[in-house]
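The values are calculated or read from the model by the stated rules, or taken from the named source; none is laboratory data. Predicted model only: the values in this text are computed from it and were never measured. Note that we place each Cβ from the backbone using ideal geometry, even for glycine, and neighbour counts take in every protein chain shown.
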Amino acid sequence: MMLHPDPMAVAEIHLDGRPSSIRTARHWAVKQAQDADVPPGLVRVIELLTSELVANALAHGSSEPVLVRLGIDADHLVVRVTDEGDDLPVVRTTGPGVPGGQGLRLVERLAARWGVDVHPSGGKTVWFAVPLDGTTPLD
């Protein structure tokens, strides 16, 4: 499948299916956000949510390739994670004693908005947006 270019992207990174790609994506997203002078509290949110979406793409997508794009859409910073898998993400209801399943709950709680774009030829892009004004639930 050809991964679709994103007109709002200002930076992108292609990742393979290794678990170390999660760390690579996290560090890359932090650097991009810092270079864009994003407030530190918001950088932490971007780091966490990028890590969660890449982990989900590797665990539930078709593993490779994973494309991460970061860009500005009006007054929000948007991170988009594209994989070739057709399984759609589901926000699971879990309790404190149940391991796993918290990633999309974090995205739902910390992002201003998030969603999934399904590609007609297969695959999907899961994305989140955070406000550039620096407001974050972590502050």
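Can you tell me which of V90, V38 is under 17 Å from F128 (Cα atoms), surrounded by fewer than 15 Cβ atoms within 10 Å (Cβ to Cβ), in contact with a helix residue (DSSP H, G or I) (Cβ under 8 Å, 6 or more places away or on another chain) and at pLDDT below 90?
V90
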### Message
Return the pair list, or none, for Cβ contacts closer than 7 Å from residues in region 72-86 that are farther than 19 Å from N56 by Cβ to residues that are modelled with pLDDT of 90 or more and assigned to a loop (DSSP other than H, G, I, E, B), at least 6 apart or on different chains.
### Response
H76/A112
